[in-house]
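**Student:** Before I ask anything, let me first share the structure, which is written out below as structure tokens.
The values are calculated or read from the model by the stated rules, or taken from the named source; none is laboratory data. A quick note: this is a predicted structure, and the numbers were derived from the prediction, not measured. Backbone-built Cβ (ideal geometry, glycine too); neighbour counts: all protein chains shown.
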Amino acid sequence: MVAGDQSDPVDVLILGGGPGGYVAALRAAQHGRSVTLVEARRVGGVCLNEGCIPSKHLARFAAVKSTAEAWRGAGMPAFAGPPDLRAFQKSRQAAVNTLVGGVESLLKSAGVTVVAGEGRFVGRTRVCVQTGEESIRYFDFKDCVIATGSAAVAPAELPFDGGRVVDASRALEWEEPPTTLQVVGDDYIAVELAVAYARLGSHVTLSMLGERPLPGFDADLSNAALQGLKASGIEIVPGADVRGAPAFDRVVVSIKRTPSLDRLDLATAGLRKTGDFLKVDAQLRLDRHVFAIGDVTEGLPLAHRAMMQGRAVGDVLGGQAAAFETTVVPQVVFAAQELATAGLTEQQAKAAHGEVVVGRFPLAALGRAVIESATGGFAKLIFGSGGGPLLGAHLAGPRAGDLIAELALAIEMAATADDLALTVHAHPTFAEASMEAAEVALGRPIHIRRKRS
Ligand code: FAD
């Protein structure tokens, strides 16, 4: 079909098949809507193809090496040689393909029509999709969801060149660790890449824009990240000049992502951005029949937020009284040790609530952490005055990323220190640290000395 030909009427049209878009498609289809999903590259979006999944795969690969090294004193034999990153890349691609294939088959079995091509608005309810070099299709939608995600932006002084200077996604594809690597940035992506490549043998310099990694995180987590970076042998340059230094074999820049909206011709549909983003209401509505979810909306650019918005918009499209109104969006960092946070930092909690109670439990006092030589971490819980409700949770240590789920639920349900302290946590597990931190907040710790008042 070529330009000017007739259009196909569709019920729900979703632009972008990342974690926001494909989840919205599946949920809307569950409610009986007929869904057409337009994807310019591969379903799964940045997250599955070049973000969350491959970055965590690399982080885990590198961590297995350093964990084995940490167990050498307990009899684990030394590695015979350096890790084979070329072989790893094959296994990484296989994992990505499995997950993308899984999403494709879910979409197929839900009856979602997937159209390959790049879409843009050509009217209030009309979208044109470039399906090939000379082929174009038009769709007239009843409802549309914009889920086109975001892309990394390079500073003008340090443009990506596809080779030496790259964004984080390209840095996940290397088949050999660079001898010298400069990571420019201080967000979780920069921290994770710096640690992974340092563990794989690169000499890494982290050039941070500010004074500390993970700005916006609770100061204790930020400090834990800094200590872990230093312990991994990474050179830290605070307040760095982003122009980059020619001395490095490779440079990876992670300082900004911007919503992918510029090629959508929003104005043609009477839509507009607010700043860089699309401003939506609690129902994710941008206009009467146009919704937006994921990285194109203001908020933490994270896959689990996009997916939760996808569920919510799918329910709204299904006529349900749904909204995206969560209190917390947890954040996880696969740094030298796993870090996880949900809710308010100590500073924010004090500013918002005045008096708060902080319970901090060191992993050095936890049986499981001693077994795993992971005694440098902690659980820090911040409660309202008198021990409740839980306002913020900050974890450092193994499986922090999994353990934060309990605490996110506790915050959403306004659980108190007593609720956490009185819930039996299995022994010996890292989960016990949260229960113990709640007891510290209540002034009755068992496994650390009680502070005398
Ligand atoms: P995307 O995943 O960006 O998907 C958008 C899709 O839309 C893409 O597939 C794109 O091809 C398509 N598209 C764009 N324009 C058009 C168009 N005009 N027509 C048709 N299709 C179009 N988040 C986490 O929660 N945890 C992590 O561990 C994590 N790690 C990350 C690591 C890295 C290196 C990076 C770069 C990101 C990471 N993220 C992580 C962030 C996460 O990937 C994003 O927040 C998430 O993918 C956003 O989902 P989305 O659906 O909004 O958009």
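**Student:** Say we look at the range 218-254 and pick out the residues that are touching a Ser or Thr at 6+ places or on another chain (Cβ under 6 Å) and part of a loop (DSSP other than H, G, I, E, B); which of these is farthest from ALA171 (Cα to Cα)?
**Tutor:** Per the stated criteria, the residue is ASP218.
**Student:** Which strands (runs of 3 or more DSSP E) sit wholly inside the range 69-176 and have at least 2 residues that are within 26 Å of the chain's Cα centre (by Cα)?
**Tutor:** In the range 69-176, the matching strands (runs of 3 or more DSSP E) lie at 113-116, 118-121, 136-146, 150-152, 165-167.
**Student:** Quick check: anything in the range 267-284 in a helix (DSSP H, G or I) and surrounded by 14 or more Cβ atoms within 10 Å (Cβ to Cβ)?
**Tutor:** yes
**Student:** Starting from residues that are at pLDDT 95 or above, assigned to a loop (DSSP other than H, G, I, E, B) and more than 8 Å from the ligand (Cβ to nearest atom), keep the ones in the range 301-327 and report whichever is surrounded by the most Cβ atoms within 10 Å (Cβ to Cβ).
**Tutor:** Among those residues, the one meeting the criterion is PHE324.
**Student:** What number goes with the only condition from (1) hydrophobic (A, V, I, L, M, F, W, C); (2) under 20 Å from the mean Cα position of the chain (by Cα); (3) surrounded by fewer than 21 Cβ atoms within 10 Å (Cβ to Cβ) that ALA352 does not pass?
**Tutor:** All conditions are met except number (2).
**Student:** Please list, ordered by first then second residue, the pairs with beta carbon atoms under 7 Å, 6 or more apart or interchain, first in the range 17-35 and outside the structural domain of CYS47 (by TED's automatic domain parsing), second near the ligand (Cβ under 8 Å from one of its atoms) and acidic (Asp, Glu).
**Tutor:** Close Cβ pairs satisfying both conditions: none exist.
**Student:** Would you check if THR36 is among the hydroxyl-bearing types (Ser, Thr, Tyr) and crowded, with 19+ Cβ neighbours inside 10 Å?
**Tutor:** Criteria met by THR36.
**Student:** Okay, moving on. Determine which member of the set ALA147, ALA151, ALA156 is under 24 Å from ALA292 (Cα atoms), out of contact with any Cys (no Cβ under 7 Å at 6 or more places or on another chain) and surrounded by fewer than 18 Cβ atoms within 10 Å (Cβ to Cβ).
**Tutor:** ALA151
**Student:** Here's a follow-up. Looking at the range 29-42, which of its residues are more than 6 Å from the ligand (Cβ to nearest atom), touching a Ser or Thr at 6+ places or on another chain (Cβ under 9 Å) and among the small types (Gly, Ala, Ser)?
**Tutor:** SER34
**Student:** When both residues are 6+ apart or on different chains and their Cβ atoms are under 7 Å apart, which pairs have a first residue that lies in the range 173-198 and is assigned by TED's automatic domain parsing to the domain that holds GLY233, and a second that is among the basic types (Lys, Arg)?
**Tutor:** GLU175/ARG86; PRO178/ARG250; LEU181/ARG250
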